Protein chains: 2
Amino acid sequence: MIIIGEKINGAIPSVAEAIAQKDADFIKKLAKSQADAGAHFIDVCASTDVAVELETMKWLIDLVQEATDLPIAVDSPSAEICAASLKFCNKPGLVNSVSLEGDKIDLVFPVIADTTWECVVLLCDDTSIPKSGEQRLEVFAAIMEKAKKHNISPARLHVDPLVEMLCTSEDGINMMLGVIREIKKQYPAIHVTGGASNISFNLPARKFVNQAFLVLAMGAGMDSAIINPLHKHMMGLIYATEALKGMDEYCIEYIGGYRKGLYGPVK
Amino acid sequence: MIIIGEKINGAIPSVAEAIAQKDADFIKKLAKSQADAGAHFIDVCASTDVAVELETMKWLIDLVQEATDLPIAVDSPSAEICAASLKFCNKPGLVNSVSLEGDKIDLVFPVIADTTWECVVLLCDDTSIPKSGEQRLEVFAAIMEKAKKHNISPARLHVDPLVEMLCTSEDGINMMLGVIREIKKQYPAIHVTGGASNISFNLPARKFVNQAFLVLAMGAGMDSAIINPLHKHMMGLIYATEALKGMDEYCIEYIGGYRKGLYGPVK
């Protein structure tokens, strides 16, 4: 499971405050703690005014790279900012994200074409998030056409099928699980990713829904997630699910994760 | 999801002590607390010397029935004790369990043939637990033959495919999930059940493995479980998984369970 640590995001009030105060230590500690907790990428999202977004991205990325050797997930709603931020990174990381909306993908794919950068692709287009699974798979097919054109291998893509909130869904996540299975069937080397919290919007005790969702999605083939690696219960479930899926021979990784203290107190 | 509350079992030291001391209050409280926590059956297992097992079953069942109206799961390794204990019950419940081992099934099925008693059937026979999924399904087919002969409908059976420990498995639980799917495909009305703790034997932080296992098994069709309903995190995941499976329209049950306090503090 590829863990994309989501904590360095200016949409989180304490991070916004650290950005405003230029609190370098706060950012570095947040990067280091996510690395220690088992993240594979550190997501960096400024969430500032557009006018200062690029300089903020540079400031944040520099700090993260002082704190850890992990690759960066360059995160902005603007494809221009994403593309312009790549040069701040010491090593190839992950672009988060593009979609068929506007010219995002046409801006980013050429920039990463001859690199080993990976990229999150959202299954939406200008008409917003498709309602049906078939429509999502059509968007997916169009994206894979473009990836092929730019010689970006499936293994470099993290497809986010855009899970919507459960409270208004009529069939739970069955459609979504079908989309995940189909994507992995078509391209076994591709990654399927997503956040784990949209699903529980408007529901009480959200973490139960988030946790059960992630386990079920992993069962269908999700192998990448944009989450808080400091959430030890979620990390324990992720490592356990990998082992249950038969992807962790003799539970070596699961036992190793426990020994490293990734799971914390058992509840 | 059908919750079979497992707490009244003489194999648990505090319960053995209560049986030895004839502590009726302890047993009644344990029954009541499981009923309040959302159990649908209260399992009763004496785990005493055979010489006193039947009288102990009667004592326990009487107490449980004073504490709650829930049906009893009559639990003994002895089919004779199971069959003899039915008459202590005020209403039809669940026999836990029979299998193709010895003459267990031939002793119990005739007794429950013309009743509405339900029955847990374990997928094993005299040659012990089958290694492969195919062999388990052969045992299942033989059991269904016998059920048909006695006019016991699939909806009255809870099939336990006997999950083995993960730490020595070579493909995780993939075989097991395949068996569950096949059983539900053959008989959509049948229940698939199981304990949630054998899976994590010999592993650290066992509850992560137990919880992820139950969510994945529910994803494949498990709809009954022999668990501790007082474990609020597990109950939260179970209710969340039902909703995610699309079996809880607009999350009414999930929200209701939260309001009843079944999930406890969120971690």
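Miscellaneous remarks
- Relative contact order for the stretch A:139-254, counting Cα pairs under 8 Å that sit 6 or more residues apart, in percent: 22
- Label 7 Å beyond Cα on the Cβ vector: A:THR168 copy-to-copy distances, nm: 5.2
- Cα shape, chain A, gyration tensor, a/c 1.5 rule: rounded
- Size-normalised alpha-carbon gyration radius of the stretch A:170-209, reference 2.2 N^0.38 Å: 1.41
- Here is the list for the stretch B:1-105: trypsin sites (Lys or Arg not before Pro) lying in DSSP coil, each with at most 15 other C-beta atoms within 10 angstrom of its C-beta, are B:LYS22.
- Taking the protein heavy atoms of the stretch A:1-150 in the context of the full set of protein chains, the accessible area attributed to carbon and sulfur is 53 percent at 1.4 Å.
- FRET E, pair A:THR116, B:GLN135, Förster distance 56 Å, beta-carbon r, rounded to 0.05: 0.75
- In terms of distances greater than 31 angstrom between alpha carbons, the cross-link table entries A:LYS245/B:LYS91; A:LYS146/A:LYS185; A:LYS104/B:LYS245; A:LYS104/A:LYS245; B:LYS91/B:LYS146; B:LYS58/B:LYS185 yield A:LYS245/B:LYS91; A:LYS104/B:LYS245; A:LYS104/A:LYS245; B:LYS58/B:LYS185.
- Whole-number percent relative contact order across the stretch A:194-254, with pairs defined as alpha carbons under 8 Å at least 6 apart: 29
- Kirkwood-Stokes translational diffusion coefficient of the stretch B:208-267, alpha-carbon pairs, 25 °C, 0.890 mPa s, µm²/s: 210
- Using θ = phi - 60° and Karplus 6.51 cos²θ - 1.76 cosθ + 1.60, couplings along the stretch B:39-52 (whole Hz; Gly, Pro as x): 5, 9, 10, 9, 6, 10, 10, 6, 6, 10, 4, 4, 4, 10
- Label point at B:LYS32 placed 7 Å out along Cα→Cβ; residues across the stretch B:46-64 whose backbone nitrogen lies under 14 Å: B:63-64
- From the alpha carbon centroid of the stretch B:157-195 to that of the stretch A:34-93 is 44 Å.
- Of all DSSP bridge pairs formed entirely within the stretch A:40-175, close to 5 percent run antiparallel.
- Longest to shortest principal axis, alpha-carbon extents of the stretch B:1-109, angstrom: 36, 33, 22
- With a 1.4 angstrom probe, the accessible area lost at the A-B interface totals about 3500 Å².
- Residues in the stretch B:153-164 carry Karplus couplings, in order, of 6, x, 5, 8, 10, 10, 8, 9, x, 6, 5, 9 Hz; the curve used is 6.51 cos²θ - 1.76 cosθ + 1.60 with θ = phi - 60°, and Gly or Pro positions show x.
- Loop-located GluC sites (Glu not before Pro) across the stretch A:99-171 with a Cβ neighbour count of 12 or fewer within 10 Å are A:GLU170, with loop assigned by DSSP.
- With label points defined 7 Å past Cα in the direction of Cβ, position A:LYS185 shows copy-to-copy spacings of 1.2 nm, given to one decimal and shortest first.
- Take the Cβ atoms of B:LYS260 and B:LYS185, set R0 to 45 Å, and the FRET efficiency comes out at 0.85.
- Antiparallel %, DSSP beta bridges [both residues in chain B], to 5: 5
- Nm distances between copies for B:ALA20, ranked from closest, using label points 7 Å along Cα→Cβ: 6.4
- Distance between modelled label sites at A:GLU66 and B:GLU66, nm, 7 Å Cα→Cβ extension: 7.1
- Inter-centroid distance (Cα atoms) of the stretch B:14-33 relative to the stretch B:225-267, Å: 27
- Shape of the stretch A:166-255 from the C-alpha gyration tensor: oblate (a/c of 1.5 or more and a/b not above b/c, with a ≥ b ≥ c the square roots of its eigenvalues).
- Protein heavy-atom accessible surface, 1.4 Å probe, per residue over the protein assembly as shown: 42 Å².
- In sequence order, calculated HN-Hα J values of the stretch A:9-24 (Karplus, 6.51, -1.76, 1.60; Hz; x Gly/Pro): 9, x, 6, 8, x, 5, 6, 4, 4, 5, 5, 4, 8, 6, 8, 4
- Gyration tensor verdict on the stretch B:96-156 (Cα atoms; rounded if a/c is under 1.5, prolate if a/b is larger than b/c, oblate otherwise): prolate
- Cβ-derived FRET efficiency at R0 41 Å, B:GLU249 paired with A:LYS58, nearest 0.05: 0.25
- Of all DSSP beta bridges confined to the protein assembly as shown, the antiparallel ones make up roughly 5%.
- The C-alpha atoms of the stretch A:73-226 occupy a region whose extents along the principal axes are 42, 28, 28 Å, arranged from largest to smallest.
- Inter-chain neighbour count for A:231-237: the average number of beta-carbon atoms from partner chains within 10 Å of each residue's beta-carbon is 4.
- Percent RCO, i.e. relative contact order, over chain A, from Cα pairs under 8 Å lying at least 6 residues apart: 16
The values are calculated or read from the model by the stated rules, or taken from the named source; none is laboratory data. This structure is a prediction, so every number in the text was calculated from the model and none was measured. Reconstructed Cβ throughout: ideal geometry from the backbone, glycine too, with neighbour counts over all protein chains shown. What goes into the accessible areas is simple: the full protein's heavy atoms, side chains included, and nothing from ligands, DNA or RNA. Shrake-Rupley method; radii C 1.70, N 1.55, O 1.52, S 1.80 Å.
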